[in-house]
Structures are given as structure tokens and as C-alpha cells.
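The values are calculated or read from the model by the stated rules, or taken from the named source; none is laboratory data. None of the values given here were measured: they were computed from a predicted structure. Please note: Cβ atoms are built from the backbone with ideal geometry, for glycine as well, and neighbour counts cover all protein chains shown.
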Amino acid sequence: MSENQIFDVVIIGAGPSGYTAAIYIGRAQLKTLVIQGWQPGGQLTTTTVIENFPGFRDGIDGKKLMEEMKAQAERFGAQFVMADILKADFSKRPFTITAGDKEYVGKSVIIATGSKSRTLGIPSEKKLWAKGVSTCATCDGFFFRGKTVAILGGGDSAMEEANFLTKFANKVYIIHRNEAFRASKIMLDRAKANPKIEMIMNTTVEEVLGDTKVTGLRLKDNKTGKTSELIVDGMFLAIGHVPVTDLFKGQIKLDQLGFIKHAVNTMTSVEGIFAAGDCVDHRYRQAITAAGMGCQAAIDANRWLAERQ
């Protein structure tokens, strides 16, 4: 691949949104480059079984699903670069993206960099990731039928996911570090009314217990400083998501949380720059919705290019 090639579309990101966009752009016979970073497939590669993606009645391994999407995009001519993006210049067209030690030029760009879940940042959490520690109740709640789980957080997402988990778990603890919840009254009341849910306030998780799977949590009372152990089979994090958009600050419009704002359809505040997936969506954050938005961004980019050529 020549550094000086001008691509019709440069796609930044290689999760379900980026790969779907590449499939649609490639099928439109446009010259397509996907800058996929050093973790192709994104967050789904850490999910062992995905059972809610249409078309796979027995479920599919997250990494396998991403490999299939990539192969489908390659079939339609998409080219791939495995390097992290270092810089993007959206000040003039064509746009320039620096990845690794090379520069790539695109007539248009689709940003599909996704988001990352906020975590506690403790070693035991990392050790037991996908072994009882999860950030997606919708994805993994099914595996905790008849079990006891804890969910960390104090906002609407924590309340919603706690209620969802009671469909499977026998007991759900909501652990919140503060005195009061941030959740809306309707969501909080709904959680309080659920007999399977118990709330633990002013408490932080100091350690996730277990060797090969989660067996409990070591808790600290923020008022007294006393520690205790809580027996659970799983821990879900609902303490927010961080969009991977730092490189685009000052170039395109972001909301207060850093998520990319659409101006018209999937186009951002800069004409010719489109965005899709979890770097835009802070509500649904599902593989299928990310893929759908990737499709939308590809169609929008294709039409935008056609109007100018």
C-alpha cells in the first residue's frame, strides 16, 4: 500500500460499526481503508459468547464474529492497517490521518472508534474479567441464572441493569459509593420496589475475590472505614463509559461527555466526516446498533461522495 494513495473513505476503528461500514463502502466499489488499531474487533473480542446478535441461534464467540465481519469486508476490497491512530487533520480536504509512522489520505472519513467502559482499575478486576466481571448485563446476564450478583453504580443505567438482572439472578446487590443515587426518581423507585434488589450505600469495592471465577467482593464502608466480604457470583460495572474521541477534540463537535455529535444524519460538524457506533451512542451500546449505524454512515458517505464527483 502506498502512503500517498488517496482513499475514498478512511474508516477509523474496527468494531462492528467500522467493519459494517467497510462492507457497505467496499460493495459500493469505493477505495476503502480501515485503520483498525492494535485491538481489531474492539470490546467484542473480550466477550466469550454473544447470544443476541441476529443470525446465530446458538450464539457466537465475540472474536469469531469480528473475524467474520473483517473477512466479509476484505471480500469487497477493503484494505486494513494495524496501527493506532496518532493524529487526524480535518482542517482541509482531503483529510489526513497519521497511524503508526505513516500518513493516509481520505476524501471522507468515518470515525468508529467506540468507547471503553469505566472500570475500577484494580488488579483483581482485570484478573477476573469475563470470569464473572462484566460491563454488560444485557450481554451476560443470562449466564447468572439462579445466582447472586452485584452491580456497581448509582445512575439510571445501574438501576435499569439491576432490574434486568433480576430476570436471571436470585439476588442483585446495587453497590454505590455515595449517600444518594444519581438515578431519576422513576428508575430508582422501580429498583427499590423489586424484591430481588438490595442497595448498599456509601460503599466501595476494594477487591474482587476468586481465583478462576468471581466468588465475592471485599467492601469498604466509606463512613466507618470498616471492611467486609460479600458473597456473589458476578460483578457488573455500570459506572459509565468513556468515548474514544480525545484525538478529535477541537476539530469536530463533541458533547459534554466527549461523545461525537451528529449534525445531519451521521455527518459530524465537519462536512465529509461521519461517525458511527459507541463513540456516538451513549444509550444502547449494543453490537447490533453499532453495526446499524455503521451501515448508515457508509450510505451517507457514499451519497456525499457521489454528489461531489
Inset, instruction - Name the single residue, out of those in the range 279-291 being at pLDDT 95 or above and buried (at least 18 other Cβ atoms within 10 Å of the Cβ), that is farthest from HIS241 (Cα to Cα). - result: ALA291
Inset, instruction - Mind counting the residues in the range 129-141 that are buried (at least 18 other Cβ atoms within 10 Å of the Cβ), at pLDDT below 95 and over 15 Å from the mean Cα position of the chain (by Cα)? - result: 1
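Quick check on my filter: what residues within the range 202-236 are part of a loop (DSSP other than H, G, I, E, B) and surrounded by 18 or more Cβ atoms within 10 Å (Cβ to Cβ)? Can you show your working first?
To start, the set of residues in the range 202-236 that are part of a loop (DSSP other than H, G, I, E, B) comprises 202, 210-215, 222-226, 232-233.
Scanning the range 202-236 gives GLY210, VAL214, VAL232, ASP233.
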Legend entry - Enumeration of residues in the range 148-185 that are surrounded by 19 or more Cβ atoms within 10 Å (Cβ to Cβ), small (Gly, Ala, Ser) and either assigned by TED's automatic domain parsing to the domain that holds GLN286 or not in a strand (DSSP E or B) (or both): GLY153, GLY154, SER157, ALA158, ALA162, ALA169, ALA183
Inset, instruction - Consider LYS126 carefully, then state whether it is modelled with pLDDT under 95, among the basic types (Lys, Arg) and surrounded by fewer than 22 Cβ atoms within 10 Å (Cβ to Cβ). - result: yes
Inset, instruction - Taking only the range 54-79 into account, find how many residues are over 21 Å from the mean Cα position of the chain (by Cα), surrounded by 14 or more Cβ atoms within 10 Å (Cβ to Cβ) and not in a helix (DSSP H, G or I). - result: 4
Inset, instruction - Could you look through the range 237-286, keep only residues that are of a type in the set (Gly, Ala, Ser) and not in a loop (DSSP other than H, G, I, E, B), and pick out the one that is nearest to GLU307 (Cα to Cα)? - result: ALA275
